[in-house]
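Student: Dropping a structure here in structure tokens format, bear with me for questions.
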Amino acid sequence: MEEENEQCNSVIDGNFEEVCPEKVIKFKPPLYKQRYQFVRDFVDQHKPKKVADLGCGDTELLRLLKIYPCIQRLVGVDIDKEKLHQLSPYLGEFVKPRDLDLTVILYHGSVVERDSRLLGFDLITCIELIEHLDSDDLARFPEVVFGYLSPAMIVISTPNSEFNPLFPTVTLRDADHKFEWNRMEFQTWALQVANRYHYSVEFTGVGEPPAGAEHVGYCTQIGVFQKNSGKVTELCFPEQHDQHVYETVSICEVAVRFSYILSSSVQVYKTSYPSLQQEKMLKFVLVGEVLILVERLRLRQQRMLREQKDLCSDPDNTDSSGPPQVVLGAVFTEAEEARIENSPKPFCEGDKFFVPLQRLLAYPKVHRLRVTEERMRSLIADSVQLSSDGSAVMDDLYKSWDYQFEDY
């Protein structure tokens, strides 16, 4: 829960006229950004597919995590409905869609209530959350998160109270904090929870202390929990599947056709991001790349014909190096160049220009889409003109606007 960012930063990063400047500790980058970066690095290392952030607050961490291609389901839960900011895709995410589907869901509810929609996750994060729980909720927290939800990995961060004396006039860092633990208290709690629910735990942190105060440890302490393989936790509560306890927010589902559909009185906010797994998006991207490639290859073909004509009219010109074997403006690796050169070459028949589909498939931006020639043909057939046998894209060699490209 990052709701104390502004308040905490006013203590950690702020300037106080009544306090000597040398007593004010400033973190660069700010402490909340360091916490987020820790999670981002963890995701980058472990590549989880399903991630939930409990106490997600203003959803800033979710916004940062949605760019990771490994994540296919991203969930946020918070008790404060007003803080839940929607995470609709940007226009650029339609123009350049992800490889894999991504669904982002926001739930309004308590993190100590069991909801079956959070079962089976790879990673659950609890960033600056547990210190906001009262004693009853803190007692239920391990049962729900470790026992019931039982994800493969859990990251929990919380303030280190040993650092607090370094701040000016600080007892608790946020008015809503019910407690702040020192390192021994946090580690004792974490080890007991890990042992009970068959997790291992490692401790680290962010926010290094100033020189001479290294003994207090990190400003934010972090426990990284990983489930022990082969261990099954015995639930201390009755098994009840398909429990949906989170309250109504709203739903905004983003369809592939770029329209927004708002439905009232449903349980969650849900956004489906465009991806290449969706046929309409795959077609959109593929047709766009094909049109760009065919146009560039057509212009290159014109240039080759002009150079051949100039060579015939000037027999003293012995330059036989020929035009570069790349698409205009493109740079390829040796392997990519070899793949392109080993594919069927573009050709002309009269005033018609043909680019074999196999040639198009050899170029990196099309090759990465991993479609077969047959699949490509079916996807682009109603958007481009194909040769009679369907093996090549056909276009006019010369067009009315070509005078604009005479320098090519």
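Student: Out of the residues in region 162-186 that are among the aliphatic types (A, V, I, L, M) and in a helix (DSSP H, G or I), which is most open to solvent (accessible area, probe 1.4 Å)?
Tutor: So, considering only residues that are among the aliphatic types (A, V, I, L, M) and in a helix (DSSP H, G or I), the one most open to solvent (accessible area, probe 1.4 Å) is 184.
Student: OK, next. What pairs come up if the first residue lies in region 187-206 and is assigned to a helix (DSSP H, G or I), the second is among the small types (Gly, Ala, Ser) and open to solvent by 30 Å² or more (accessible area, probe 1.4 Å), and their beta carbons are under 8 Å apart, counting only those six or more places apart or on different chains?
Tutor: 194/200
Student: Output the residues belonging to region 24-57 that are farther than 21 Å from residue 145 by Cβ, over 11 Å from the mean Cα position of the chain (by Cα) and either hydroxyl-bearing (Ser, Thr, Tyr) or not in a helix (DSSP H, G or I) (or both).
Tutor: 24, 25, 26, 27, 28, 29, 30, 32
Student: Just for region 343-378: of the residues that are open to solvent by 80 Å² or more (accessible area, probe 1.4 Å) and of a type in the set (Asp, Glu), which one is nearest to the chain's Cα centre (by Cα)?
Tutor: Per the criteria, the residue is 374.
Student: Which one of the conditions (1) closer than 22 Å to residue 153 by Cα; (2) touching a strand residue (DSSP E or B) at 6+ places or on another chain (Cβ under 7 Å); (3) in a helix (DSSP H, G or I) does residue 64 fail to meet, given that it meets all the rest?
Tutor: Here residue 64 meets the rest and fails (2).
Student: Can you tell me which residue in region 379-390 is most open to solvent (accessible area, probe 1.4 Å), limited to those that are in a loop (DSSP other than H, G, I, E, B) and over 18 Å from residue 350 (Cβ atoms)?
Tutor: 382
Student: Please go through region 113-124 and give me each residue that is among the aliphatic types (A, V, I, L, M) and surrounded by 19 or more Cβ atoms within 10 Å (Cβ to Cβ), ordered by number.
Tutor: If the condition is that a residue be among the aliphatic types (A, V, I, L, M) and surrounded by 19 or more Cβ atoms within 10 Å (Cβ to Cβ), then 118, 123, 124 are the ones that fit.
Student: Something else now. Counting only residues that are of a type in the set (D, E, K, R) and within 21 Å of residue 27 (Cα to Cα), how many does region 196-228 have? Before the answer, list the steps.
Tutor: Step one: filter region 196-228 for residues of a type in the set (D, E, K, R), giving 196, 202, 208, 214, 227.
With within 21 Å of residue 27 (Cα to Cα) added as a condition, the list becomes 208, 214.
Final tally of qualifying residues: 2.
Student: Can you give me the number of residues within region 95-110 that are assigned to a loop (DSSP other than H, G, I, E, B) and more than 20 Å from residue 71 (Cβ to Cβ)?
Tutor: Keep residues of region 95-110 that are assigned to a loop (DSSP other than H, G, I, E, B), which gives 96-97, 99-101, 109-110.
Next, from what is left, pick out any that are more than 20 Å from residue 71 (Cβ to Cβ): 109-110.
Here the count works out to 2.
Student: Could I ask something else about it? Go through region 125-143 and give me each residue that's without any contact (Cβ under 8 Å) to a residue 40 or more places away in the chain and either in a strand (DSSP E or B) or open to solvent by less than 10 Å² (accessible area, probe 1.4 Å) (or both).
Tutor: 130, 141
Student: Separate question: With respect to residue 61, determine if the residue is within 23 Å of residue 227 (Cβ to Cβ) and either at pLDDT 95 or above or open to solvent by 10 Å² or more (accessible area, probe 1.4 Å) (or both).
Tutor: The answer is yes for residue 61.
Student: Can you tell me which of (1) assigned to a loop (DSSP other than H, G, I, E, B); (2) open to solvent by less than 50 Å² (accessible area, probe 1.4 Å); (3) modelled with pLDDT of 70 or more is the one residue 393 doesn't meet?
Tutor: Condition not satisfied by residue 393: (1).
Student: Are there any pairs with C-beta distances below 6 angstrom linking a residue in region 356-380 that is on the phi < 0 side of the Ramachandran plot and without any contact (Cβ under 8 Å) to a residue 60 or more places away in the chain to a residue that is of a type in the set (Phe, Trp, Tyr) and open to solvent by less than 50 Å² (accessible area, probe 1.4 Å), with the two at least 6 apart or on different chains, and if so which?
Tutor: Taking only residues 6 or more apart or on different chains, not a single pair turns up.
The values are calculated or read from the model by the stated rules, or taken from the named source; none is laboratory data. This structure is a prediction, so every number in the text was calculated from the model and none was measured. Every residue, glycine among them, receives a Cβ derived from its backbone with ideal geometry; neighbour counts consider all protein chains shown. Areas reflect the complete protein model, heavy atoms only, side chains present, ligands, DNA and RNA absent. Shrake-Rupley method; radii C 1.70, N 1.55, O 1.52, S 1.80 Å.
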